[in-house]
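Reviewing the structure listed below.
Just so you know, all these numbers are worked out from the coordinates, no wet-lab data involved. Computed from a prediction, not measured in an experiment: that's the story for all the values here. Every residue, glycine among them, receives a Cβ derived from its backbone with ideal geometry; neighbour counts consider all protein chains shown.
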Amino acid sequence: KTKFPTARIKRIMQADEEVGKVAQQTPIAVGKALELFMVQLVSRSAEVAREKNSKRVSAQMLKQVVESDEQWDFLRDIVARV
């Protein structure tokens, strides 16, 4: 079970013209992958917040995580606007 709504994930996937039918398990797998992705990104951002003695994670801290690790390089265009 995933914390993200599988029906919404399926709708988003099918909104793309290149995507045809979607197997029943596919939105569940995508939801779980999204969940793991978010946990990792937020956990790393929380570590940055702790280092700065902050109780809140800011957009700047998320940006720092993305810019400091090659794993997140696909998000650099997005965080560049922050």
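Below is a table of values for the structure above.
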quantity	calculated
Residue identified as hydroxyl-bearing (S, T, Y) and surrounded by fewer than 14 Cβ atoms within 10 Å (Cβ to Cβ) among S58, S45, S54	S54
Selected residue (criterion: surrounded by the fewest Cβ atoms within 10 Å (Cβ to Cβ)) from residues of the range 7-38 that are within 26 Å of Q71 (Cα to Cα) and of a type in the set (V, I, T)	I12
Every residue from the range 61-79 that is touching a residue at least 24 places away in the same chain (Cβ under 8 Å) and surrounded by fewer than 13 Cβ atoms within 10 Å (Cβ to Cβ)	D69
Residue within the range 20-31 that is assigned to a helix (DSSP H, G or I) and more than 24 Å from F4 (Cβ to Cβ) present	no
